[in-house]
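Here's the structure, in C-alpha cells; my notes come after.
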Amino acid sequence: MKYYTEISLNNGQTCCLRNGTEQDGQTALDIFLRTHEETDFLRSYPDENTLDARKEGLYLKEKAESENEIEILAVVEDVVVGSAGIEAVGTNYKDRHRAEFGVSVLKGYWG
C-alpha cells in the first residue's frame with residue numbers, strides 16, 4: 001500500500017508521512033529501538049527485538065507492496081521521528097477484518 005502526505009505541525013515544521021522502503025531498514029530499526037527505550041507503553045523492550053537492519057528493510061519492502069498492510073515513517077527535516085503500522089492478524093475469512101495497529105514517536109516530538 002503506497003502512502004505519502006505532508007502535514008503541518010503545531011510548531012510550524014512540516015512532517016512527511018511516507019512508506020518505509022527497504023533502504024530505510026537501519027533508520028527504521030534505530031527509531032524502533034529509541035522509541036522503545038523512551039517509554040514502557042509499547043509492546044516490547046529494546047532488548048527483545050529480533051530484527052536487524054536487513055530484516056527490517058525487507059519488512060518495510062513487504063509492507064510497501066502489500067494490499068492491506070502498511071508501515072509509515074514520520075520524517076521531520078530529514079530525520080525519522082516515528083513510525084506507524086497496520087498489520088493483518090489473519091487471512092481466513094473470519095479473520096480478514098482483524099488487524100494490529102501500532103504508533104511510536106520520539107519523546108521530543110510528543111504532543
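Would you mind checking the tilt of helix 25-38 against the longest principal axis of the Cα atoms of the chain, expressed as 0 to 90 degrees and rounded to 10?
In the chain, helix 25-38 runs at an angle near 70 degrees to the longest axis.
Relative to the longest principal axis of the chain, what angle (0 to 90°, nearest 10) does the C-alpha long axis of helix 53-65 take?
The angle comes out near 70 degrees.
Can you count the Lys pairs in the chain whose Cα atoms are under 24 Å apart, with each pair 8 or more apart or on different chains?
Number of lysine pairs found: 5.
Compute the distance in nm between two label points, each set 7 Å from the Cα along the Cα-to-Cβ direction, one at Cys15 and one at Tyr93.
Between Cys15 and Tyr93, the simple spin-label model gives 4.1 nm.
Quick one: if you take sqrt(5λ) for each eigenvalue of the C-alpha gyration tensor of the chain, what semi-axes come out, biggest first, whole angstrom?
22, 17, 15
Under a plain spin-label model, where a point goes 7 Å from the Cα along Cα-to-Cβ, how far apart in nm are Leu106 and Thr5?
Placing both labels 7 Å beyond Cα along the Cβ direction yields 2.3 nm.
Any chance you could look up the accessible area of Val80 with a 1.4 Å probe, heavy atoms only, rounded to 10 Å²?
Number for this one is 20 Å².
Taking K and R as +1 and D and E as -1, what net charge do the other residues with C-beta under 12 Å from the C-beta of Phe101 add up to?
The answer is -2.
The values are calculated or read from the model by the stated rules, or taken from the named source; none is laboratory data. This one's a predicted model, so the numbers in the text were calculated from it and none came from an experiment. Note that we place each Cβ from the backbone using ideal geometry, even for glycine, and neighbour counts take in every protein chain shown. All accessible areas refer to the heavy atoms of the entire protein, side chains included, with ligands and DNA or RNA removed. Shrake-Rupley method; radii C 1.70, N 1.55, O 1.52, S 1.80 Å.
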